[in-house]
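Undergrad: What follows is a structure written as structure tokens; I'll ask about it next.
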Amino acid sequence: MKQTVPLIVGNWKMNPVTMADAVALSIAIARKQKTALEPQVVIAPSFPHLSEVGKKIKKSTVALAAQDVYTQPLGPFTGEVSITQLKDLGVQYVIVGHSERRALGETDELVCEKVQVILKHQLIPIVCIGERERDEQANFFTLIEDQLRSLAEVLPAAAIKKVVVAYEPIWAIGTGNTATVEDVKEMQLFIETVLTKLYDRSTARKVRLLYGGSVKPENAALLHQEGDMEGFLVGGASLKAEDFAAIIKAVS
Ligand code: PGA
């Protein structure tokens, strides 16, 4: 396993409904993670909650993430949120290309544009990749390779090293069908091999890899120890402070 600080990211998606609940959840998470530097814990509330949640976690070691960003820094783009606005709120990480956004039409091309904007402003992109289903001929590996290749087309080695890649098989997201430890390990090796081909081995080793898809307190320790990724992108289980804390503990 690589000797990096593991990263645990809580993706709250379009939850919770009220600001009060978002603030309470962030306080509960920050309290459990007050001074611990390992793993690095990140939470990604929805846009309306970023500002208040950011204030609540400011004095803790928990970092703030956004769930998306627009490609332009400011201007007439109704409904969009810019990287400069996110940065002003203290956001440090931005999730891009989540399968739930790709399902709404986000392409690899757009994902790459967003990644470039995020890096230009010295924030850390968490790029989600993953297949819809696993076919017996294993064609899904080609899809993963294509997603990585599209990043390599626009990012030099110095840039890709700053990117976090989250492998999230769509069939595992929110379904309870967690990938097996073998699936995760196999994908970790595959991604590293592809990145080595696209860049070189030392660069490939520096790209942080996360697994996401029905990570729970019950499966986190084994997935972490034997899956060989460097942390998790957690959806549902990040909405309960106890569960999220148990996942954090599992990789500590
Ligand atoms: P899940 O979501 O943990 O609820 O499966 C993961 C994600 O969508 O990032």
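Undergrad: Of the residues that make up the range 101-124, is at least one closer than 21 Å to Phe232 by Cβ, touching an Asp or Glu at 6+ places or on another chain (Cβ under 8 Å) and touching a residue at least 40 places away in the same chain (Cβ under 8 Å)?
TA: Within the range 101-124 (the criterion being closer than 21 Å to Phe232 by Cβ, touching an Asp or Glu at 6+ places or on another chain (Cβ under 8 Å) and touching a residue at least 40 places away in the same chain (Cβ under 8 Å)), the answer is no, since none of the residues qualifies.
Undergrad: In the range 30-75, which residues are closer than 20 Å to Ile247 by Cβ and of a type in the set (Val, Ile, Thr)?
TA: Thr35, Val41, Val42, Ile43, Val53, Ile57, Thr61, Val62
Undergrad: Does the range 28-42 contain at least one residue that is over 29 Å from Ser252 (Cβ atoms) and loosely packed, with under 15 Cβ neighbours inside 10 Å?
TA: no
Undergrad: A further question on this structure: Identify all residues within the range 5-18 that are open to solvent by 70 Å² or more (accessible area, probe 1.4 Å) and away from the ligand (no atom under 15 Å from the Cβ); write none if there are none.
TA: Across the range 5-18, the qualifying residue is only Val17.
One line per residue, one yes/no per condition, for (1) on the phi > 0 side of the Ramachandran plot; (2) of a type in the set (Asp, Glu):
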{"residue": "Gly54", "(1), (2)": "no, no"}
{"residue": "Ser60", "(1), (2)": "no, no"}
{"residue": "Ala66", "(1), (2)": "no, no"}
{"residue": "Pro73", "(1), (2)": "no, no"}
{"residue": "Val96", "(1), (2)": "no, no"}
{"residue": "Glu100", "(1), (2)": "no, yes"}
{"residue": "Gly105", "(1), (2)": "yes, no"}
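Undergrad: Out of all the residues in the range 60-74, which are away from the ligand (no atom under 16 Å from the Cβ), at pLDDT 95 or above, over 17 Å from Ser26 (Cβ atoms) and not polar (S, T, N, Q)?
TA: Result: Val69, Tyr70.
Undergrad: Helices (runs of 4 or more DSSP H) wholly in the range 146-206 with at least 1 residues that are among the basic types (Lys, Arg) and open to solvent by 20 Å² or more (accessible area, probe 1.4 Å) - which ones?
TA: Here the list reads 181-198, 201-206.
Undergrad: Do we have Ile27 as within 19 Å of Phe244 (Cα to Cα), in contact (Cβ under 8 Å) with a residue 60 or more places away in the chain and not in a loop (DSSP other than H, G, I, E, B) here?
TA: No.
Undergrad: Shifting gears a bit: Restricting to the range 85-133, count the residues that are within 16 Å of the ligand (Cβ to nearest atom), in a loop (DSSP other than H, G, I, E, B) and open to solvent by less than 70 Å² (accessible area, probe 1.4 Å).
TA: So the count comes out to 5.
Undergrad: Would you point out the residue of the range 207-252, among those that are away from the ligand (no atom under 16 Å from the Cβ) and outside any helix (DSSP H, G or I), that is least open to solvent (accessible area, probe 1.4 Å)?
TA: It comes out as Val207.
The values are calculated or read from the model by the stated rules, or taken from the named source; none is laboratory data. Everything quoted here is computed from the prediction, not taken from an experiment. Every residue, glycine among them, receives a Cβ derived from its backbone with ideal geometry; neighbour counts consider all protein chains shown. Surface areas here come from the heavy atoms of the whole protein model, side chains and all, with no ligands, DNA or RNA. Shrake-Rupley method; radii C 1.70, N 1.55, O 1.52, S 1.80 Å.
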